[in-house]
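Structure, as structure tokens:
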Amino acid sequence: MQTAHNTASASDHLTLAQWMEFALKNDINDNLIYNYLSPPLPPNSVSRWLARIDRIEKAARPKGASPAKWSGKRNKVKGRAFEAMIGLIIRSVPSFSVWKNVTTTTNEIDLLVSVGLGIQISPVIRQWGSHFLCECKLVNKGVNATWIGKLNSVLELHGAEVGILVSSKGVPKGKAKTQIHMHAFKTPPKVMVCISLDELKECENGRNFLRLISTRYIEAKSGAAALILQ
């Protein structure tokens, strides 16, 4: 009985040629595969959290609280909300598992992400190893060389080759961009994938998150300027 079952199962397996023929006949292309690996974000995934952060920013200072103490508490709550939003977006990729505010022997990591087996079909993510880190910066300035240097140190201390840096403003330029490229081609490489808040808003409106971070990874490795699909 067992032998017959195994034989029947083996005969049901597609060869590579049969799979290619099936894919061509059914128009299975990169877009379909990306959407399968990284489904569209739920409606208002980003805007709902940004509205929440805006309410925190505009909240009145409680009576008796000093301006400095209230500012520090408000910034901490805003930061946690921003991290929660990024965690939600990363979890939209089913093969990514996320831990928040992980305390290690040396640091507190905003988001620690494990990479599952189901996404190994991606030639980009296949290079990321068992896990990657994500740091979230909700400040009114773009990515700078100091952030890149600190993220590189955190990657080295925690056995990760890839770090995602999400900032509320812009993309890395000048010295920061050069630093990212230099870290990416050293041995072992430390690749920093920079994502802006505006790009996350685009993901809420249909842009594929997995394709976005894959493209940013290629930019970091190659030192290229922003790559736009033609």
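The values are calculated or read from the model by the stated rules, or taken from the named source; none is laboratory data. This structure is a prediction, so every number in the text was calculated from the model and none was measured. Positions of Cβ are backbone-derived with ideal geometry, glycine not excepted, and every protein chain shown enters the neighbour counts.
Data overview
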quantity: Single condition S122 does not satisfy, out of (1) surrounded by 16 or more Cβ atoms within 10 Å (Cβ to Cβ); (2) in a strand (DSSP E or B); (3) of a type in the set (S, T, N, Q); calculated: (2)
quantity: Boolean, I28 is at pLDDT below 90 and either of a type in the set (A, V, I, L, M) or under 18 Å from I195 (Cα atoms) (or both); calculated: yes
quantity: Members of the range 160-189 found to be at pLDDT below 95, part of a loop (DSSP other than H, G, I, E, B) and not polar (S, T, N, Q), listed by number; calculated: K169, G170, V171, P172, K173, F185, K186, P188, P189
quantity: Those residues of the range 201-215 which are in a helix (DSSP H, G or I) and either at pLDDT below 95 or over 11 Å from the mean Cα position of the chain (by Cα) (or both), in sequence order; calculated: K201, E202, C203, E204, T215
quantity: Any hit, the range 138-149, residues being among the aromatic types (F, W, Y), touching a Cys at 6+ places or on another chain (Cβ under 8 Å) and closer than 20 Å to E83 by Cα; calculated: no
quantity: Tally of residues being charged (D, E, K, R) and within 23 Å of V115 (Cβ to Cβ) across the range 181-228; calculated: 8
quantity: Residues of the range 155-175 that turn out to be surrounded by fewer than 20 Cβ atoms within 10 Å (Cβ to Cβ) and within 22 Å of L197 (Cα to Cα), as a count; calculated: 7
quantity: Breaking point among (1) outside any helix (DSSP H, G or I); (2) under 25 Å from S45 (Cβ atoms), for A84; calculated: (1)
quantity: Long-range neighbours under 6 Å by Cβ, at least six apart or interchain, first residue hydrophobic (A, V, I, L, M, F, W, C) within the range 156-185, second loosely packed, with under 14 Cβ neighbours inside 10 Å; calculated: L157/T106
quantity: Matching residues in the range 92-115 - criterion: being exposed (fewer than 14 other Cβ atoms within 10 Å of the Cβ) and small (G, A, S); calculated: S114
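For (1) at pLDDT 90 or above; (2) assigned to a helix (DSSP H, G or I); (3) out of contact with any Gly (no Cβ under 9 Å at 6 or more places or on another chain); (4) not assigned by TED's automatic domain parsing to the domain that holds E204, each residue gets a yes or a no:
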site: Q18; (1), (2), (3), (4): no, yes, yes, yes
site: F22; (1), (2), (3), (4): no, yes, yes, yes
site: P43; (1), (2), (3), (4): no, no, yes, no
site: R48; (1), (2), (3), (4): yes, yes, yes, no
site: A51; (1), (2), (3), (4): yes, yes, yes, no
site: R55; (1), (2), (3), (4): yes, yes, yes, no
site: R61; (1), (2), (3), (4): yes, no, yes, no
site: A68; (1), (2), (3), (4): yes, yes, yes, no
